[in-house]
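Here is the structure we will look at, set down as structure tokens.
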Amino acid sequence: MLQKQIQQYISKQVNEGKELEVYAEEKAYIEKQGLANDVTLIEKDPTTRFQDAYIERCDKETEETLSEESFAFLQQPIDYLQKHKNEFLYLESNWLEVIGVDGITFEVNDVFGTYDVMVGLKLQKKFDATLKENLRSELQGDEVRFELMFNQNDGVWDLNFPLDYVDGFQAEMSLEEAYRLIYRFLFTLVEKVENRSQEAN
């Protein structure tokens, strides 16, 4: 799935100039898979990934939108969510399509106080074991917990995990840095699942 999405992105973006602007994760993947050997890859500034994202602040209890926010809102420290525990953030971006995610919900867990990430991951049901195995190996810490359930109606995996246990997490990071870390984590997860399925075939 990842390979297909990235190939689509390449064919959409590459023009006669034979140059392609991508972020570090996609660049490494394209090079590793040899998807664009005749194209010059230019690495984009990572801080611009979610510049065009659609962002909402919502009320946890009612799920009503409190306000739509601009990219500037993401420059705030991640502890914004600790100070506003009644809220969750919802973000949509074209980049999420690459990894098979519609949107990212981000909030503080009322019980554990962790920064929880919720996504719907478009992967087939048969990847159950590989997904769980990779989540166990990628999430760090003694108290690691995640929720993974296949949603029959939507045909996606409902995944909920604490960002606190992802390698690279820092309590002082900005919301923008947190979203980039979430993206990188999901990108790696999908790539590993895809690699495993290719090995099995």
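The values are calculated or read from the model by the stated rules, or taken from the named source; none is laboratory data. Because the structure is a prediction, the values reported are computed rather than measured. Cβ atoms come from the backbone with ideal geometry, glycine included; neighbour counts cover every protein chain shown.
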Exercise. Please work out which residue is nearest to the chain's Cα centre (by Cα), limiting yourself to region 2-28 and to residues that are surrounded by fewer than 17 Cβ atoms within 10 Å (Cβ to Cβ) and touching a residue at least 60 places away in the same chain (Cβ under 8 Å).
Key: Q5
Quiz item: Within region 102-123, can you find the residues that are among the charged types (D, E, K, R) and surrounded by 18 or more Cβ atoms within 10 Å (Cβ to Cβ)?
Solution: E107, D116
Quiz prompt | Complete set of residues in region 24-42 that are in a strand (DSSP E or B) and either in the same structural domain as F187 (by TED's automatic domain parsing) or of a type in the set (A, V, I, L, M, F, W, C) (or both) | solution = L41, I42
Quiz prompt | Complete set of residues in region 80-101 that are charged (D, E, K, R) and either on the phi > 0 side of the Ramachandran plot or surrounded by 15 or more Cβ atoms within 10 Å (Cβ to Cβ) (or both) | solution = E87, E92
Quiz item: What strands (runs of 3 or more DSSP E) lie completely within region 111-201 and have 1 or more residues being touching a Lys or Arg at 6+ places or on another chain (Cβ under 8 Å)?
Solution: 147-151, 156-162
Quiz item: Tell me, which residue of region 104-145 that is farther than 16 Å from V190 by Cβ and of a type in the set (G, A, S) is modelled with the lowest pLDDT?
Solution: G141
Quiz item: Considering region 29-73 alone, what residues qualify as being touching a strand residue (DSSP E or B) at 6+ places or on another chain (Cβ under 6 Å), surrounded by fewer than 12 Cβ atoms within 10 Å (Cβ to Cβ) and closer than 30 Å to Q3 by Cβ?
Solution: T40, I42
Practice problem: Spot the failing condition for T62; the list is (1) out of contact with any Phe, Trp or Tyr (no Cβ under 8 Å at 6 or more places or on another chain); (2) within 17 Å of Y183 (Cβ to Cβ); (3) without any contact (Cβ under 8 Å) to a residue 60 or more places away in the chain; (4) polar (S, T, N, Q), and only one is missed. | Solution: (2)
Exercise. State the number of residues belonging to region 61-94 that are among the polar types (S, T, N, Q) and assigned to a loop (DSSP other than H, G, I, E, B).
Key: 5
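Table: residues versus (1) assigned by TED's automatic domain parsing to the domain that holds G168; (2) among the aromatic types (F, W, Y); (3) farther than 24 Å from N195 by Cα.
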site	(1), (2), (3)
I99	yes, no, no
D102	yes, no, no
F106	yes, yes, yes
D116	yes, no, yes
K122	yes, no, no
F127	yes, yes, no
K132	yes, no, no
L148	yes, no, no
G155	yes, no, no
Quiz item: Out of (1) assigned by TED's automatic domain parsing to the domain that holds V117; (2) under 19 Å from Y183 (Cβ atoms); (3) in contact with a strand residue (DSSP E or B) (Cβ under 6 Å, 6 or more places away or on another chain); (4) not aromatic (F, W, Y), what's the single condition that is false for Q76?
Solution: (3)
